[in-house]
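The values are calculated or read from the model by the stated rules, or taken from the named source; none is laboratory data. This structure is a prediction, so every number in the text was calculated from the model and none was measured. Counting neighbours? That spans all protein chains shown, and the Cβs are built from the backbone with ideal geometry, glycine included.
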Amino acid sequence: MPLSAAETAAIEERRAQLIALRRLRVSFEDPRILGLGYNSSNTARKDFYRAVVERKKATEAEVDAYREEQTQIIQDLLDVYLPQALGNSQEGTDPDPKAAELCLKLLERDSKLNGYEAALKAELSGPGGGAVPIRAASINELRDLIRIAGDPDEDDEDLEGAGQDAEGDDDDSDDT
């Protein structure tokens, strides 16, 4: 059964007070937090988490609405100024440099607003999705990894014997 408006308002008020106390670094075991009506510190912790998640969702919804509004404004401006910026050879109109500059700024703003220019993040993972184990490796082990990856080194032809010193490491000096 859904909560009534009065119950929802009381929960929001209690959560607002809880967040205010936590911002002051008040412990969950403090009597002021338990005085808000929580049965235990664990209940207060769970409710704090719920409040944070709800506020994060509300903020994300506001940001999405803002992006949509701004994107629509930018699109409307581009609809007006892009034809002027490009000109029309059939109608005999020349491109307008000021309109072109405005359109470029609008397109850059749209890219920033919607995250189109954000750098792509790549993550390497090891076995089972965990961290990649790193340890010291010999030059032969590194070359084997490169060969497996499909980008063999031209020097790999003579790995056996020639070009290696007494310890088995490759001497990549270009001295002849």
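Okay, here's what the table says:
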| read-out | value |
| --- | --- |
| Close pairs from region 96-116: first assigned to a helix (DSSP H, G or I), partner modelled with pLDDT under 90 and of a type in the set (Ser, Thr, Tyr), Cβ under 8 Å, at least 6 apart | Asp110/Tyr116 |
| Residues within region 16-70 that are of a type in the set (D, E, K, R) and either more than 20 Å from the chain's Cα centre (by Cα) or outside any helix (DSSP H, G or I) (or both), tallied | 12 |
| Options Val26, Val53: the member that is surrounded by 14 or more Cβ atoms within 10 Å (Cβ to Cβ) and in the same structural domain as Leu104 (by TED's automatic domain parsing) | Val26 |
| Residue among Glu141, Glu117 that alone is modelled with pLDDT of 65 or more and either in the same structural domain as Thr71 (by TED's automatic domain parsing) or in contact with a helix residue (DSSP H, G or I) (Cβ under 6 Å, 6 or more places away or on another chain) (or both) | Glu117 |
| Checklist (1) under 34 Å from the mean Cα position of the chain (by Cα); (2) surrounded by 13 or more Cβ atoms within 10 Å (Cβ to Cβ) applied to Ala10, failing item | (1) |
| Residue in region 56-67 that is touching an Asp or Glu at 6+ places or on another chain (Cβ under 7 Å), over 30 Å from Arg14 (Cβ atoms) and surrounded by fewer than 16 Cβ atoms within 10 Å (Cβ to Cβ) present | no |
| Cβ pairs under 7 Å, 6+ apart, first in region 23-38 and within 16 Å of Val52 (Cβ to Cβ), second in a loop (DSSP other than H, G, I, E, B) | Ile33/Val26 |
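Per-residue answers, yes or no, for (1) outside the structural domain of Lys105 (by TED's automatic domain parsing); (2) in contact with a helix residue (DSSP H, G or I) (Cβ under 6 Å, 6 or more places away or on another chain); (3) aromatic (Phe, Trp, Tyr):
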{"site": "Leu21", "(1), (2), (3)": "no, yes, no"}
{"site": "Tyr38", "(1), (2), (3)": "no, yes, yes"}
{"site": "Asn42", "(1), (2), (3)": "no, no, no"}
{"site": "Phe48", "(1), (2), (3)": "no, yes, yes"}
{"site": "Leu78", "(1), (2), (3)": "no, yes, no"}
{"site": "Tyr81", "(1), (2), (3)": "no, yes, yes"}
